[in-house]
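**Student:** The structure under discussion is supplied below as structure tokens; questions concerning it will follow.
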Amino acid sequence: MGEKKRKKKNQFPLRLNILFFVVFLLFSALILRLGFVQIVYGDDYKRELEKKEDIIISTQVPRGEMYDRNGHNIVSNKAKNAITYTNWDVKAKDMQNTAEKLARLIKMDTEDDLKKITERDRIDYWILLHEKKAKAKVTKKEDAELQETYKNDSKKYQKAYNELLRSRITKEEINSFSKFELETLAIYRAFNSGYYYTPQIVKNNGVTDEEFARVSEHLAELKGVDTTKDWDRTYAYGSTLKTVLGNVSSSQRGVPAEEKDSYLAKGYSMNDRVGLSYLENQYEDILKGQKKKIKYIKDKTGEIVDSKALTDGESGKDLVLTIDMKLQLEVEKIIEEELKRTKRGYAGTYLLDRAFVVLMDPKTGEILTMAGKMLGKDDNGNQQVQDFALGNITTSYNVGSTVKGAMVLTGYKEGVIKPYSVIHDEVMQVKGSPPFKSWKTMGYINDLTALQQSSNVYMAKTAIAIGKGHYSYGQPLDTRTSEAMSTIRNSFGEFGLGVRTGIDLPNEMVGFKGQDTQTPGNLMFLSIGQYDTYTNMQLAQYASTIANGGYRIQPHMVKEIRDPSLGEEELGGMVQEIQPKVLNKVDLEPGWIEQVQKGFRMVMTSGTGKVFAGASYQPAGKTGTAQAFYDGPLRSNYSAPPQVMNLSLITYAPSENPEVAMAVLVPWAYTTNSGPSPNLTIGKRVLDKYFEMKKEETAK
């Protein structure tokens with residue numbers, strides 16, 4: 001018995017030793033493995049543990065302002081309080097909690113705030129607030145069936161599940177939100193509408209100083225929320241020139257969707273405010289400035305551990321325009337008064353609704369005034385006057401006899417006439433066509449008289465000669481019509497007619513060219529400005545080309561680019577002064593353009609523009625009346641387009657050393673055979689005012 005007990009006792013230590021040995025081996029293997037991991041993979045794990053992510057956040061800076069040529073502010077920025085949110089890729093519930101905290105600090109209950117909330121927003125927010133109740137609306141069986149249907153595509157499964165869940169939320173449930181919950185939802189919606197790591201405006205209208213201060217005090221507990229300054233564009237002269245100045249997008253709209261790739265490639269964010277039209281768009285790169293950039297460093301858990309300013313940002317550059325706003329206002333007043341007076345005082349003016357004036361420096365191309373007015377109706381049916389300055393470059397019309405200076409010079413260039421050439425002004429009759437004549441029969445006249453008295457026949461016979469044709473009364477007209485029209489159009493283009501002027505504004509139109517280039521009668525109408533259409537800006541460039549001796553100068557709206565202003569009355573330093581640009585020199589022999597200038601002077605002293613006779617500033621120019629067909633806003637009221645008269649005027653002054661060129665265009669002035677001349681009354685009043693203001697300024 002004793003020996004058996006001893007054997008059992010001896011077996012116990014043996015087993016224990018075996019157990020210890022196995023444990024020893026296991027620990028040894030573990031230590032070896034840990035050592036292997038430490039030696040081979042230690043640096044990798046260390047890097048993973050210390051892994052950080054750099055995120056660069058850009059914030060916008062104040063946009064550049066605009067001034068007139070005399071330093072008067074036209075467009076400025078009005079600062080306002082704003083609250084922003086930057087989505088740091090947080091969970092929806094965390095975002096909702098932040099929105100709820102912010103809703104206790106600010107008001108978000110205006111009609112504009114709440115009307116942005118869609119039914120879909122309400123449904124999704126109800127699901128977020130009631131996760132358990134929402135989940136119960138889809139049975140396990142339905143969920144299992146969806147998983148089976150989309151077992152190979154988790155995205156499609158989630159989409160189908162979400163759609164099914166949303167369809168189960170009732171009207172009563174989405175209308176059960178309290179006022180506070182709706183405000184929170186409005187904030188949450190603003191949070192969610194932005195892009196990751198991009199500041200998004202939550203509220204920038206009506207943020208009180210108290211709200212601004214409260215939010216600023218609680219920023220530590222409002223992850224992603226910040227207080228900053230936003231701005232609104234303000235216009236010192238109201239609607240004056242507003243269509244030309246252009247518009248800027250809101251933070252909510254950001255960059256235009258159709259151009260997003262282009263903007264993103266330039267470093268813009270989707271919600272950046274950009275110039276949408278005209279000067280604001282044309283000079284976007286100048287006005288936008290350089291955004292402030294801050295680099296934030298996130299650790300592996302998503303927490304911000306450090307930040308560093310990369311650039312301080314720089315406000316946009318300012319634009320000094322060529323426009324004289326005091327003169328602009330005076331010209332607009334004259335247009336408005338004459339439009340109303342003409343409508344009120346003459347029969348047949350029921351289609352008249354607009355007029356345009358451009359004043360341009362013929363030596364530099366600087367646009368001193370670009371005015372346009374259009375009569376319309378307000379919501380109550382009362383007449384109102386709208387700014388339509390853009391119509392100077394975006395609408396075109398038959399302009400009539402103002403083109404005759406270019407026509408005479410084209411005749412010189414083609415060798416079919418020369419200075420003082422005599423042509424018989426008579427009633428022309430081409431077989432199969434109605435009679436073609438001037439406003440009176442003038443007999444044998446030279447080029448100067450043709451300009452002075454505005455002979456249609458002189459121009460038509462010159463055009464026929466360019467087409468190597470021969471006119472005989474009552475006979476068919478055999479001429480190279482298409483070739484001649486091409487020659488005349490190309491020549492007109494050298495003066496600025498029928499081509500883009502190159503003005504520094506987008507969307508400039510060329511005008512419309514008549515399509516029928518085979519009918520000889522159309523060649524005759526082209527020669528007197530009654531076939532192709534031209535813009536008023538083209539007329540101004542054409543007038544300047546005649547005035548300056550044949551140089552087609554590019555018109556421009558911006559005179560200088562400057563650093564941000566130093567104060568209300570002090571412009572910033574000069575960055576760039578826009579220099580005159582000659583687009584082309586018209587190929588003319590000596591004395592040719594002087595001959596046309598002489599004829600233009602005769603127009604204003606004893607011809608169709610003799611209303612200017614005796615003016616101390618001694619203008620030269622050409623009037624125009626075109627028989628045209630109405631194609632305006634009331635066109636749908638007529639089965640056939642009514643016949644109308646378009647009136648135009650080009651002039652420059654003084655005739656010997658021109659400092660200003662002007663174009664006036666009054667489309668659809670009247671429908672009767674004769675009528676008023678608002679082109680002349682507007683033109684005379686505008687030039688009188690220009691030189692009157694110049695005299696006053698000189699006296700100062």
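The values are calculated or read from the model by the stated rules, or taken from the named source; none is laboratory data. As the structure is a computational prediction, the values presented were derived from the model and not from experiment. All Cβ positions, glycine included, derive from the backbone under ideal geometry; neighbour counts span all protein chains shown.
**Student:** Suppose we filter region 449-474 for residues that are touching a Lys or Arg at 6+ places or on another chain (Cβ under 6 Å), surrounded by fewer than 24 Cβ atoms within 10 Å (Cβ to Cβ) and among the aliphatic types (A, V, I, L, M); how many remain?
**Tutor:** The number of residues fulfilling the criteria is 0.
**Student:** Now for a separate question. Go through (1) assigned by TED's automatic domain parsing to the domain that holds R104; (2) under 35 Å from the mean Cα position of the chain (by Cα) for Y157 and report which single condition fails.
**Tutor:** Evaluating Y157 over (1) assigned by TED's automatic domain parsing to the domain that holds R104; (2) under 35 Å from the mean Cα position of the chain (by Cα) leaves (2) as the failure.
**Student:** Here is a further query. Which condition does V138 not pass, out of (1) within 38 Å of the chain's Cα centre (by Cα); (2) among the aliphatic types (A, V, I, L, M); (3) surrounded by fewer than 18 Cβ atoms within 10 Å (Cβ to Cβ); (4) more than 30 Å from A220 (Cα to Cα), if it passes all the others?
**Tutor:** It fails just one condition, (1).
**Student:** How many of the residues making up region 363-418 are at positive phi and out of contact with any Lys or Arg (no Cβ under 9 Å at 6 or more places or on another chain)?
**Tutor:** 3
**Student:** Then there's this: Hey, any hits in region 655-668 for a residue that's surrounded by 12 or more Cβ atoms within 10 Å (Cβ to Cβ), among the hydroxyl-bearing types (S, T, Y) and in contact with a Leu (Cβ under 9 Å, 6 or more places away or on another chain)?
**Tutor:** Within region 655-668 (the criterion being surrounded by 12 or more Cβ atoms within 10 Å (Cβ to Cβ), among the hydroxyl-bearing types (S, T, Y) and in contact with a Leu (Cβ under 9 Å, 6 or more places away or on another chain)), the answer is no, since none of the residues qualifies.
**Student:** For N97, indicate whether it is modelled with pLDDT of 85 or more, of a type in the set (S, T, N, Q) and closer than 29 Å to L164 by Cα.
**Tutor:** yes
**Student:** Within region 504-526, is even one residue of a type outside the set (A, V, I, L, M, F, W, C) and within 24 Å of W592 (Cα to Cα)?
**Tutor:** No: zero hits.
**Student:** Continuing with the same structure: From the residues in region 335-390 that are small (G, A, S) and crowded, with 24+ Cβ neighbours inside 10 Å, which one is farthest from Q579 (Cα to Cα)? Reasoning before the result, please.
**Tutor:** Step one: of region 335-390, the residues small (G, A, S) are 345, 347-348, 355, 365, 371-372, 376, 381, 389.
With the extra rule that they be crowded, with 24+ Cβ neighbours inside 10 Å, the set shrinks to 355, 365, 371-372, 389.
Details: A355: 30, G365: 9, A371: 23, G372: 26, A389: 24 Å.
Going through the qualifying residues, I end up with A355.
**Student:** When region 669-679 is examined, which residues are found to be buried (at least 17 other Cβ atoms within 10 Å of the Cβ) and out of contact with any Leu (no Cβ under 6 Å at 6 or more places or on another chain)? It would help to see each step written out before you state the result.
**Tutor:** Here is the first cut: in region 669-679, the ones buried (at least 17 other Cβ atoms within 10 Å of the Cβ) are 669-671, 675-679.
Scanning region 669-679 gives Y670, T671, G675, P676, S677, P678.
**Student:** Look through region 480-508, keep the residues that are of a type in the set (G, A, S) and out of contact with any Gly (no Cβ under 6 Å at 6 or more places or on another chain), and return whichever of them is surrounded by the most Cβ atoms within 10 Å (Cβ to Cβ).
**Tutor:** If we take residues in region 480-508 being of a type in the set (G, A, S) and out of contact with any Gly (no Cβ under 6 Å at 6 or more places or on another chain), then G496 is surrounded by the most Cβ atoms within 10 Å (Cβ to Cβ).
**Student:** Quick check on G599: is it closer than 20 Å to G400 by Cβ and buried (at least 18 other Cβ atoms within 10 Å of the Cβ)?
**Tutor:** When the stated conditions are applied, G599 passes them.
**Student:** Among G591, G609, G614, G624, which is the only one that is under 19 Å from I682 (Cβ atoms), surrounded by fewer than 17 Cβ atoms within 10 Å (Cβ to Cβ) and more than 28 Å from the chain's Cα centre (by Cα)?
**Tutor:** Exactly one of G591, G609, G614, G624 is under 19 Å from I682 (Cβ atoms), surrounded by fewer than 17 Cβ atoms within 10 Å (Cβ to Cβ) and more than 28 Å from the chain's Cα centre (by Cα), namely G614.
**Student:** If I filter region 165-177 down to residues being assigned to a helix (DSSP H, G or I) and touching a helix residue (DSSP H, G or I) at 6+ places or on another chain (Cβ under 7 Å), which single residue comes out as nearest to T227 (Cα to Cα)?
**Tutor:** Among residues in region 165-177 that are assigned to a helix (DSSP H, G or I) and touching a helix residue (DSSP H, G or I) at 6+ places or on another chain (Cβ under 7 Å), the one nearest to T227 (Cα to Cα) is I174.
**Student:** When region 185-199 is examined, which residues are found to be modelled with pLDDT of 85 or more and not hydroxyl-bearing (S, T, Y)?
**Tutor:** Matches in region 185-199: L185, A186, I187, R189, A190, F191, N192.
**Student:** Check region 559-567 and report whether any residue there is in contact with a His (Cβ under 6 Å, 6 or more places away or on another chain) and of a type outside the set (F, W, Y).
**Tutor:** no
**Student:** To continue, here is another question. Is there a residue in region 506-518 that is over 24 Å from the mean Cα position of the chain (by Cα) and aromatic (F, W, Y)?
**Tutor:** No; the residues of region 506-518 include none that is over 24 Å from the mean Cα position of the chain (by Cα) and aromatic (F, W, Y).
**Student:** Please give the number of the condition Y397 fails out of (1) buried (at least 24 other Cβ atoms within 10 Å of the Cβ); (2) farther than 20 Å from L339 by Cβ.
**Tutor:** Here Y397 clears every test but (2).
**Student:** Mind checking whether some residue in region 228-244 is surrounded by fewer than 21 Cβ atoms within 10 Å (Cβ to Cβ), out of contact with any Asp or Glu (no Cβ under 9 Å at 6 or more places or on another chain), part of a loop (DSSP other than H, G, I, E, B) and at pLDDT below 90?
**Tutor:** no
**Student:** So which residues in region 178-210 are surrounded by fewer than 19 Cβ atoms within 10 Å (Cβ to Cβ) and assigned to a helix (DSSP H, G or I)?
**Tutor:** K179, F180, E181, L182, N192, D209, E210
**Student:** So T410 fits all but one of (1) in contact (Cβ under 8 Å) with a residue 60 or more places away in the chain; (2) of a type outside the set (A, V, I, L, M, F, W, C); (3) farther than 28 Å from L680 by Cα; (4) part of a helix (DSSP H, G or I); what number is the exception?
**Tutor:** (3)
**Student:** Just checking, how many residues over region 221-276 are farther than 27 Å from D387 by Cα, within 17 Å of the chain's Cα centre (by Cα) and without any contact (Cβ under 8 Å) to a residue 60 or more places away in the chain?
**Tutor:** Counting residues in region 221-276 that are farther than 27 Å from D387 by Cα, within 17 Å of the chain's Cα centre (by Cα) and without any contact (Cβ under 8 Å) to a residue 60 or more places away in the chain gives 6.
**Student:** Kindly establish whether T441 is in the same structural domain as G365 (by TED's automatic domain parsing) and in contact (Cβ under 8 Å) with a residue 24 or more places away in the chain.
**Tutor:** When the stated conditions are applied, T441 does not pass them.
**Student:** Hey, can you tell me all the residues within region 530-556 that are in contact with a Ser or Thr (Cβ under 6 Å, 6 or more places away or on another chain) and farther than 28 Å from D631 by Cβ?
**Tutor:** R552, I553
**Student:** Return the residue satisfying two criteria in turn: it lies in region 60-90 and is hydroxyl-bearing (S, T, Y) and in contact with a Leu (Cβ under 9 Å, 6 or more places away or on another chain), and of such residues it is modelled with the highest pLDDT. Give the steps one after another, and end with the answer.
**Tutor:** Quick first cut of region 60-90, residues hydroxyl-bearing (S, T, Y) only: 67, 76, 84-86.
Still in the list and also in contact with a Leu (Cβ under 9 Å, 6 or more places away or on another chain): 67, 85.
On the way: Y67: 96, Y85: 90.
If we take residues in region 60-90 being hydroxyl-bearing (S, T, Y) and in contact with a Leu (Cβ under 9 Å, 6 or more places away or on another chain), then Y67 is modelled with the highest pLDDT.
**Student:** If you go through region 169-176 one residue at a time, do you hit one that is surrounded by fewer than 12 Cβ atoms within 10 Å (Cβ to Cβ) and farther than 30 Å from V202 by Cβ?
**Tutor:** Checking region 169-176: not a single residue is surrounded by fewer than 12 Cβ atoms within 10 Å (Cβ to Cβ) and farther than 30 Å from V202 by Cβ.
Results for (1) assigned to a strand (DSSP E or B); (2) modelled with pLDDT of 95 or more; (3) under 27 Å from T545 (Cα atoms); (4) not small (G, A, S), shown as yes or no for each residue.
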position: Y296; (1), (2), (3), (4): yes, no, no, yes
position: G302; (1), (2), (3), (4): no, no, no, no
position: L319; (1), (2), (3), (4): yes, yes, yes, yes
position: T342; (1), (2), (3), (4): no, yes, no, yes
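**Student:** As an exercise: evaluate L477 against (1) crowded, with 17+ Cβ neighbours inside 10 Å; (2) at pLDDT 95 or above and give the number of the one condition it does not meet.
**Tutor:** (2)
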